[in-house]
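Once you've had a glance at the structure underneath, I'll fire off some questions.
The values are calculated or read from the model by the stated rules, or taken from the named source; none is laboratory data. The model shown is predicted, which means the values in this text are computed figures rather than measured ones. Because the Cβ atoms are built from the backbone with ideal geometry, glycine has one as well, and the counts that use them run over all protein chains shown.
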There are 2 protein chains.
Amino acid sequence: MQNFASPPQRDVALREVGLRDGLQIHPTFMPTQAKLAWIRAEAAAGMPEIEVTSYVPPKLIPQFADAEEVSRLALRVPGLTVAALIPNARGAQRGIELGVHKLNFVMSVSRTHNLKNVRREREDSVADFRAIRALCDALPPERRPVLGGGLSTALGCSYEGRIPAADVVRYAAQLAEAGADEIVVADTVGYSGPAQVREVFRLVMAEVAPLPVAAHFHDTRGLGIANALAALDCGVRAFDASLAGMGGCPFAPGATGNIVMDDLCFLMASMGLRTGVDLERLLAVRDIVRAALPDIDMYGGVARAGLPRLDTGVLR
Amino acid sequence: MQNFASPPQRDVALREVGLRDGLQIHPTFMPTQAKLAWIRAEAAAGMPEIEVTSYVPPKLIPQFADAEEVSRLALRVPGLTVAALIPNARGAQRGIELGVHKLNFVMSVSRTHNLKNVRREREDSVADFRAIRALCDALPPERRPVLGGGLSTALGCSYEGRIPAADVVRYAAQLAEAGADEIVVADTVGYSGPAQVREVFRLVMAEVAPLPVAAHFHDTRGLGIANALAALDCGVRAFDASLAGMGGCPFAPGATGNIVMDDLCFLMASMGLRTGVDLERLLAVRDIVRAALPDIDMYGGVARAGLPRLDTGVLR
């Protein structure tokens, strides 16, 4: 018999990034209480980790003006790993003061994108990461956040086009060497296909092993879930996604955002992989978000069509 | 230098089924000339094979009331393989009289679905197929159509739920033994995931080898392109899809239809697999269909977001 307090067994870790990546370019501010309702409901559906905000200056992204309050409220949700995106040491300092569980540092493999996004050379971003690692290491272990090393535009860039796999491997190795607790490889603009995913993830995983490598895909051109399958085949066991695929791409007006969490969850269930997430309860979270943000685009096959019959064997 | 008249080299055969599967449950009749414009434009974009209609009684599906005329007009399009769906020997007779290049026979692996769809036992459908094979074999070779053996509901059924892989293998073997030129395994209601796809396709391919096995997926629950990847990994090299993912599912109101041809074409290009289809010209065909059928739902990531930059290396 399972112990009452034991966490559910998981084969794959899903991580909700809709509150950050999904809302980032959405023009309407989502009220803090609505964000909290979303977080609470999705955590209650079994989502183990949610990236709840981004510690960037509110002037840059007004959607995250409530970053502190959202973080504090999310930390009260039982059992949830609260993560936040940080672009630099200033962001890390905010996260540390708030006591969030995980800091997701991000830099771009594309030099041009890194210059435009965080206004520094990639080497300076790696140096920032070292400083953030030192900040974390100076904390007592019980207050030390997990520190993720994210590589955006790793599979293509709207400015530079193709990104050499060797560059991804190089910066993955540098972040690993600098003390990342995991590496996140991101197809920020949704350029990639499964062949490239397999090539790049295999190289990165071989380089940084035994450090875990997570995947962050966008469904911009319809291949997001296939790319997730390709990463899964490589042994990736942690995936970012956003509920209802919310979000977009600043470089492709009208484009969709992250891969659809609900469909990703269905993919995992169809493969017999345990996520700990209750798909029906997850689908119900869409209504909470819809009520708060009636103007946001939502996607997802499972939500449109409903789940298959329970005796299909598809959901093992 | 390539010979002027030689067909383009292809690694994967894409087959447009939107005019049949996409239009089948659409309530508005698409005028014959619009169907022809669609066929012409997509053939000109390099689509090698189009299922242009279904030889069923017009009373059953009014959309195919012009089946004869569409077939005759499509046969005038240079280089195009003109296919049509047939549910029985009467349909085959119509196709043979018209002289279409390929007859796609279809029966359901689900007994209940076969009874509801073609009003006969599966064994009787196999017997029909034998009779159709005999009809074809009685023709002189130059008039003999290619005869496909399609297995619908092979990966799940809205009535029966799970379909045992052994049943798919059994009916695939029976159609192969009865003289099918290819076997088509179809996820008619979009229930499947990649694990099941791999299991079933591997079993079927091993059973009927060296007969080619084609895949027919619906994107009902968001996994269609991932399922295509899974089939591709098994060695499948022929895929049905519909432009803009047109179509739906009679069992799931609001659900999407076949996998999106444009995104499937992008998938293949991203993997360095040649289809002979010009993706930009294919995308332009959407406008022709949109003009004729303003009320039909269209899907597709590439159409929404546009192609990646040409120097990404994604399109090899």
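Looking at the structure I just gave you, is A:ASP181 touching a Gly at 6+ places or on another chain (Cβ under 8 Å), away from chain B (no Cβ under 11 Å) and acidic (Asp, Glu)?
yes
Could you list, ordered by first residue, the pairs with Cβ atoms under 8 Å in which the first is in segment B:155-175 and part of a loop (DSSP other than H, G, I, E, B) and of a type outside the set (D, E, K, R) and the second is surrounded by fewer than 18 Cβ atoms within 10 Å (Cβ to Cβ) and at pLDDT 95 or above, at least 6 apart or interchain?
That search, which allows pairs on different chains as well, returns B:TYR159/B:THR112.
Let me ask something else. Considering (1) outside any helix (DSSP H, G or I); (2) at pLDDT below 95; (3) within 11 Å of chain B (Cβ to nearest Cβ), say which one A:ARG304 fails and leave the rest.
Failed condition: (1).
Among the listed residues A:GLY99, A:GLY95, identify the single one that is buried (at least 23 other Cβ atoms within 10 Å of the Cβ), more than 16 Å from the chain's Cα centre (by Cα) and over 30 Å from A:MET271 (Cα atoms).
Among A:GLY99, A:GLY95, only A:GLY95 is buried (at least 23 other Cβ atoms within 10 Å of the Cβ), more than 16 Å from the chain's Cα centre (by Cα) and over 30 Å from A:MET271 (Cα atoms).
Further question on the same structure: Which one of B:ALA226, B:ALA166, B:ALA154 is within 14 Å of chain A (Cβ to nearest Cβ), closer than 28 Å to A:LEU232 by Cα and surrounded by fewer than 24 Cβ atoms within 10 Å (Cβ to Cβ)?
B:ALA166
Which condition does A:PRO294 not pass, out of (1) in a loop (DSSP other than H, G, I, E, B); (2) at the interface with another protein chain (Cβ under 9 Å from one of its Cβ atoms); (3) free of Cβ contacts under 8 Å to residues at least 24 places away in the same chain, if it passes all the others?
Against the list (1) in a loop (DSSP other than H, G, I, E, B); (2) at the interface with another protein chain (Cβ under 9 Å from one of its Cβ atoms); (3) free of Cβ contacts under 8 Å to residues at least 24 places away in the same chain, A:PRO294 comes up short only on (2).
If the requirement is being under 26 Å from B:GLY272 (Cα atoms) and surrounded by fewer than 23 Cβ atoms within 10 Å (Cβ to Cβ), which of these qualifies: B:VAL17, B:VAL12?
Only one candidate qualifies: B:VAL12.
Scan segment A:253-263 and tell me whether some residue there is in a helix (DSSP H, G or I), of a type in the set (Asp, Glu), crowded, with 24+ Cβ neighbours inside 10 Å and at pLDDT 95 or above.
yes
May I ask you to list the residues in segment A:188-205 that are of a type outside the set (A, V, I, L, M) and more than 9 Å from every other protein chain (Cβ to nearest Cβ)?
A:THR188, A:ARG198, A:GLU199, A:PHE201, A:ARG202
Just for segment A:206-223: of the residues that are in a loop (DSSP other than H, G, I, E, B), within 11 Å of another protein chain (Cβ to nearest Cβ) and of a type outside the set (D, E, K, R), which one is farthest from B:CYS265 (Cα to Cα)?
Restricting to residues being in a loop (DSSP other than H, G, I, E, B), within 11 Å of another protein chain (Cβ to nearest Cβ) and of a type outside the set (D, E, K, R), the top hit is A:THR220.
I would also like to ask the following. Of the residues A:VAL184, A:VAL189, A:VAL197, A:VAL213, which single one is modelled with pLDDT under 95 and among the hydrophobic types (A, V, I, L, M, F, W, C)?
Answer to the selection: A:VAL189.
For segment B:251-276, name all the residues that are more than 9 Å from chain A (Cβ to nearest Cβ) and at positive phi.
Of everything in segment B:251-276, just one residue is more than 9 Å from chain A (Cβ to nearest Cβ) and at positive phi, namely B:GLY276.
May I ask you to verify whether A:ALA41 is in contact (Cβ under 8 Å) with a residue 12 or more places away in the chain, surrounded by 15 or more Cβ atoms within 10 Å (Cβ to Cβ) and under 24 Å from A:ALA241 (Cβ atoms)?
Answer is yes for this residue.
Here's a follow-up. Would you pick out the residues in segment A:229-250 that are out of contact with any helix residue (DSSP H, G or I) (no Cβ under 6 Å at 6 or more places or on another chain), hydrophobic (A, V, I, L, M, F, W, C) and either within 9 Å of chain B (Cβ to nearest Cβ) or in a helix (DSSP H, G or I) (or both)?
Across segment A:229-250, the qualifying residues are A:LEU232, A:CYS249.
Right, here's the next one. Scan segment A:270-302 residue by residue and report those that are among the small types (Gly, Ala, Ser) and surrounded by fewer than 21 Cβ atoms within 10 Å (Cβ to Cβ).
A:GLY272, A:GLY276, A:ALA284, A:ALA291, A:ALA292
Can you find a residue in segment A:265-282 that is under 15 Å from the mean Cα position of the chain (by Cα) and not in a loop (DSSP other than H, G, I, E, B)?
Yes, that holds for at least one residue.
Test of understanding: among B:GLY190, B:GLY161, which residue is surrounded by fewer than 24 Cβ atoms within 10 Å (Cβ to Cβ) and at positive phi?
Step by step, each of B:GLY190, B:GLY161 is checked, and only B:GLY161 is surrounded by fewer than 24 Cβ atoms within 10 Å (Cβ to Cβ) and at positive phi.
Within the set of pairs 6 or more residues apart or between chains, which connect a residue that is more than 25 Å from A:VAL70 (Cβ to Cβ) and free of Cβ contacts under 8 Å to residues at least 60 places away in the same chain inside segment A:99-127 to a residue that is surrounded by 15 or more Cβ atoms within 10 Å (Cβ to Cβ) and among the aromatic types (Phe, Trp, Tyr) with Cβ atoms less than 8 Å apart?
A:SER110/A:TYR159; A:THR112/A:TYR159; A:LYS116/A:TYR159; A:ARG122/A:TYR171; A:VAL126/A:TYR171
Please work out which residue is surrounded by the most Cβ atoms within 10 Å (Cβ to Cβ), limiting yourself to segment A:107-151 and to residues that are part of a strand (DSSP E or B) and touching a Leu at 6+ places or on another chain (Cβ under 6 Å).
The qualifying residue surrounded by the most Cβ atoms within 10 Å (Cβ to Cβ) is A:GLY149.
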